[in-house]
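The values are calculated or read from the model by the stated rules, or taken from the named source; none is laboratory data. The structure presented is a predicted model; accordingly, all values stated were derived computationally and were not measured. Every residue, glycine as well, gets a Cβ built from its backbone with ideal geometry; the counts of neighbours run over all protein chains shown.
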Amino acid sequence: MKISSRFRSVAVGVIAAAGVSFASVVHADSGRISFAVYKAAFFVGGSGGEGTLTFHGHRYPVSIGGISGGLAFGASKTYFNGTVRHIRRAQDVTGVYGAAGGGGAVGKGAQMIVMTNDKGAQLELTGRQVGLQVNADISGMSVNVR
């Protein structure tokens, strides 16, 4: 009987530890992000910009950079607003985000995109684009929380 009660004690301890680990994974939080990106391309393009992450009542400056390749040309400025999900701290937003897609705008246009970085942070963004930009490319975007 002593062996089985020891086994039960160990099993309860393991289950409790697993529950605490699972709770910390589920406890990831979300924040708000807004930024403006300038983009110029003639088959190969580049983009850059800056904005703000709001997380737990604090505002953090962010910088944006990126490259694109494929069928792309033009120049534009896009204002993005959205939610960052699955983060525990502001620095979890830092990383490289990738997305494949297409779109375009002549004059004013709207965009929507969902991207994830290697830490699991997910950007859900809507944007308003101004300028002439046509693309059917694979893009990458780097976000850095300063």
Report the residue count in segment 4-41 for those that are at pLDDT below 75 and either within 26 Å of Gln91 (Cα to Cα) or of a type outside the set (Ser, Thr, Tyr) (or both). 21
Test Val134 against the criterion of being surrounded by fewer than 17 Cβ atoms within 10 Å (Cβ to Cβ), assigned to a strand (DSSP E or B), over 13 Å from the mean Cα position of the chain (by Cα) and modelled with pLDDT under 75, and give yes or no. yes
Can you pull out every residue in segment 53-75 that is polar (S, T, N, Q) and surrounded by 15 or more Cβ atoms within 10 Å (Cβ to Cβ)? Ser63, Ser68
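Tell me which residues, restricted to segment 115-131, are modelled with pLDDT under 85 and either assigned to a loop (DSSP other than H, G, I, E, B) or on the phi < 0 side of the Ramachandran plot (or both). Let's see the steps before the verdict.
In the first step, residues of segment 115-131 are kept if they are modelled with pLDDT under 85; the result is 127-131.
Result: Gly127, Arg128, Gln129, Val130.
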Of all residues in segment 39-96 being over 19 Å from Met112 (Cα atoms) and β-branched (Val, Ile, Thr), the one that is nearest to the chain's Cα centre (by Cα): Thr94
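Taking the criterion of being part of a strand (DSSP E or B) and at pLDDT 95 or above, would at least one residue in segment 63-72 satisfy it?
Of the residues in segment 63-72, the ones part of a strand (DSSP E or B) are 63-72.
Among the residues that remain, those that are also at pLDDT 95 or above are: 63.
Yes.
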